[in-house]
Every structure is written in structure tokens, then in C-alpha cells.
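K.L.:
Can you read through this structure? Questions will come right after.
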Amino acid sequence: MARRPLIAGNWKMNGLRGDGLALASALVQRMKAETGPAFDMVVCPPFTLVAGVGAAVAGSGIALGGQDCHGAEKGAHTGDIGAAMLADLGCAFVIVGHSERRTDHAETDAQVKVKAEAALAAGLTPIVCIGETASQRDAGDTMEVVKGQLAGSLPEGASAANTVIAYEPVWAIGTGRTPTTGEVQEVHALIRGELAARLGGGEGGAGGLRILYGGSVKPANAGELMALPDIDGGLIGGASLNADDFWAIAECCQ
Ligand code: 13P
């Protein structure tokens, strides 16, 4: 089934205004030179840059996303950002449940689910992140962990049209280590199977829902990863901070 690849850049806590705007305009230039790209692209800058980067990418075909949102619509939550605020700035996506949020802020699957549902309510597409730690993989628990996180984090009302899953093994993030292509495909196939049980297997459910891989994706390994049958794009950290590298990864989807 045809799933259009999504290449998502997670800038994490990187970039002052000048850096973010330079990166965004370098990507916009490349997108303008492209005739009929074979991928969708989204950049997720830190909150301070969302508005500025949004203005820079407006009308370019590059979408905008946040890196997190609160589970409540609004209210007394000092320092947090609501999904509607991101939508108001032109965001179409928001990452929820990234392993760095799960670790740094002790976010649970239940909280991630509520955040994803808040995103849906605001008209945003949540990119719901799941993935095992090194010790969980070493213990042979990868499949159970991923299944459990998916079951606990998937929002009610999820469909192929409104939700994206990102499989990011925690031990592959920022380490230069990646699972083998066989290991990645095995987990993605499991995720698609679980989604099929929950949403049905057709285009509107598991058949059409995009599952991204994230964790040390670089231009050198993106080709083999993006060619796997159940990989529908990437969630890119470090390499998304360099326009040439990020673009080269996207071009692997051609
Ligand atoms: P790296 O690409 O830097 O490994 O980060 C992956 C990631 O966490 C994207 O969300």
C-alpha cells in the first residue's frame, strides 16, 4: 500500500534564532528547487523558534511541528505549551512521548496518550514515539516493551490520516549505533500488526499509517533503512541540524 514517506527533523534543544532561520531557509531553498518530492517533510524546532521557523517555511511545502505539548487544553501549567498554541503558530504536527521526555520528565504511556489526544483535538498530527532501552533489548524484551508502549500511548481516535508512530530504540539515539535492518523491520512489522488489530488493516488504519524509524539516521544509512517495507520515513535528530545531511536523508525516499 502506498504510504508517502515522512521525513521529520527533531531539532531538540538546539539553535538560537539565527541558526534556526538559516537552517529553515536552506531547506526551503532545496524544497523550491525540487519538482514533485517523493516525501513529506516536517521540522520540529524548539518552542522559541516555532513562530520564526513557521514564517520561514510558510508556503514552501515544509510542515512545522512542536516537540511536545501538554495534555490539557489550557490552564495553570507554568512553562508548558498547549496543542492549540502550536496549531495557532501553524504547526501541523507535534512529537509526543519522545524518550528524552519520558526520561527527563518521567512521562508515562498514559500521559503520552493524553498528550496525543490533546494534539488530535487541536487538529495536530501526533508523532507518538516508542522504543526500548539497551537493557530491555539485552533482556530480550524489545517486542513486549514496544507492544506495551504502543497499547498505552496510542490515542483514541487514531487513524492513518491523523497519527504517526515513531520507533526509536533509546540506545540508538545520538549514539551512532543502529539496529540491523532486520531488527528494525521486525519491530516495525510488529507495530503494524498491533495497529491492524486495533485499527484494522486497511488504508485508513494500519495499512496507511506511517511508522517512522529514528535513532542515528544519517545519509550513509538512510537508504537501506528507508527501503525496508514497513519503514515510512524517519525521525531525525542530530543530522536534521545540517541542511545538507537532512536533505540527503530525505532524498533517499526518492
Ligand atoms: P539522533 O538522530 O540524533 O540519533 O536522534 C534521534 C531522535 O531522537 C529523533 O527524535
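K.L.:
Full extension from residue 104 to residue 248: what is 0.36 nm times the residue separation minus their Cα-Cα distance, to one decimal in nm? Display every interim value, and only then the final one.
P.N.:
Working: separation 144, 0.36 × 144 = 51.84 nm, distance 3.07 nm.
Stretched out fully, the residue 104 to residue 248 stretch lengthens by 48.8 nm.
K.L.:
Hey, rough spin-label estimate for residue 92 and residue 186, points 7 angstrom out along Cα→Cβ, what's it come to in nanometres?
P.N.:
So the two model labels end up 3.5 nm from each other.
K.L.:
Taking only C-alpha pairs under 8 Å that are 6+ residues apart, what is the relative contact order of the chain in percent? Kindly include the intermediate steps, with their values, before the conclusion.
P.N.:
Values: 513 pairs, mean separation 52.5, N = 254.
Result for the chain is 21 percent.
K.L.:
When the chain is fully extended, how far beyond the present Cα-Cα distance does residue 80 get from residue 143, taking 0.36 nm per residue of separation?
P.N.:
That works out to 19.4 nm of additional length.
K.L.:
Working only with C-alpha atoms, what are the Rg and Dmax values of the chain, expressed in angstrom?
P.N.:
Cα-based Rg and Dmax for the chain come out at 16.7, 47 Å.
K.L.:
For region 1-103, just run the numbers: alpha carbon Rg, then divide by 2.2 N^0.38 Å, N being how many residues it has.
P.N.:
Compared with the compact-globule rule of thumb, region 1-103 sits at 1.11.
K.L.:
Report the gain in length on full extension from residue 218 to residue 22: 0.36 nm times residue separation, minus Cα-Cα distance, nm rounded to one decimal. Before the final figure, lay out the partial values.
P.N.:
On the way: separation 196, 0.36 × 196 = 70.56 nm, distance 2.05 nm.
Length gained between residue 218 and residue 22: 68.5 nm.
K.L.:
Next question, about the same structure. Could you compute Rg(Cα) / (2.2 N^0.38 Å) for region 135-254, with N its residue count?
P.N.:
That works out to 1.05 for region 135-254.
K.L.:
On to the next question. Residues in region 76-95, backbone N under 17 Å from the label point at residue 48 (7 Å along the Cα-to-beta-carbon vector): list them, ranges by number please.
P.N.:
Of the residues in region 76-95, 79-81 have backbone N under 17 Å from the label point off residue 48.
K.L.:
Under the definition of Cα pairs under 8 Å and six or more residues apart, what whole-number percent is the relative contact order of region 1-104?
P.N.:
26 percent
K.L.:
If you average the alpha carbon positions of region 60-81 and of region 160-237, how far apart do those two centres end up, in angstrom?
P.N.:
Here the answer is 24 Å between Cα centres.
K.L.:
Related question: Loop only per DSSP, at most 14 neighbouring Cβ atoms within 10 Å: give me the GluC sites (Glu not before Pro) in region 58-146, ordered by residue number. List each step's numbers first, then the result.
P.N.:
Numbers: sites: 73, 100, 107, 117, 132, 144; in loops: 73, 107, 132.
Passing sites in region 58-146 are 73.
K.L.:
Lysine pairs in the chain 8 or more apart or on different chains: how many have alpha carbons under 27 angstrom apart?
P.N.:
Counting lysine pairs in the chain gives 12.
Laboratory data are not the source of any read-out in this text; all were calculated from the coordinates shown. Nothing here was measured: the structure is a model prediction, and the numbers come from that model. Here the Cβ is made from the backbone with ideal geometry for all residues, glycine too, and neighbour counts use every protein chain on show.
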